[in-house]
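> First, the structure itself, so that you have it in front of you.
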């Protein structure tokens, strides 16, 4: 096997995995080095803009920088929309692997997420292959709408057009926070924050690093989210421009 083009495997596959007498070819992947972490991503989950961000090191750069600045060693981090795992890797380098839980609903990404975490951190980060929904949502499943480019998967009904829809397991935000004993949320859920952040967050959450998506729901909803968080005592502690990525902290 020879890696070419910044990490593509020349024959289009990772080494086959044997299961008894059955040999299962692994998906075609590309590898990237970002912030001294080596990650793989299925080629089917890449688009040119996303590939360029990964090659340049710009992918999730604001989230990673804000976590490095504001995390404490005793925090416990719940990474919602973990994707390829870079945010979880960044968090684990500060707080330790046992204090990070990564949540990713897109089943096309879960295999690579687990491999990326093991490759860079060893074992210890808990991975939950579920979608996060607002507390009180009925049922234990939801439709995830997957588009080219893994960063655009969303449970918003308005994102269904032109997407491949996957039924996935769903878990309420409150239960995920409780299970992870989280004090910090990292949230990049492609618009679902507009429902997740309606109810007040538990008092144990002291830091929220969230990417907002006003292009999906408008500036009025974005402003309402920030106002709701301010009423809960959260202050935006960003320094310098970070686009729509916010670091909201309370209690200190």
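The values are calculated or read from the model by the stated rules, or taken from the named source; none is laboratory data. Here the structure is a predicted model, which is why all the values come from computation and not from measurement. So basically every Cβ, Gly included, is an ideal-geometry build from the backbone, and we count neighbours across all protein chains shown.
> For region 238-252, enumerate the residues that are farther than 19 Å from residue 213 by Cα and surrounded by 12 or more Cβ atoms within 10 Å (Cβ to Cβ).
The answer is 249, 250, 251.
> In addition: Hey, does region 6-14 have a residue that's surrounded by 10 or more Cβ atoms within 10 Å (Cβ to Cβ), in a strand (DSSP E or B) and modelled with pLDDT of 95 or more?
No, region 6-14 contains no residue that is surrounded by 10 or more Cβ atoms within 10 Å (Cβ to Cβ), in a strand (DSSP E or B) and modelled with pLDDT of 95 or more.
> Could you list, in sequence order, all residues of region 27-49 that are surrounded by fewer than 19 Cβ atoms within 10 Å (Cβ to Cβ), assigned to a helix (DSSP H, G or I) and touching a residue at least 60 places away in the same chain (Cβ under 8 Å)?
44, 49
> Return the residues of region 77-132 that are part of a strand (DSSP E or B) and surrounded by 24 or more Cβ atoms within 10 Å (Cβ to Cβ); say none if nothing qualifies.
77, 78, 79, 80, 100, 102, 103, 131, 132
> Okay, next question. Could you list, in sequence order, all residues of region 142-172 that are assigned to a helix (DSSP H, G or I) and in contact (Cβ under 8 Å) with a residue 60 or more places away in the chain?
150, 151
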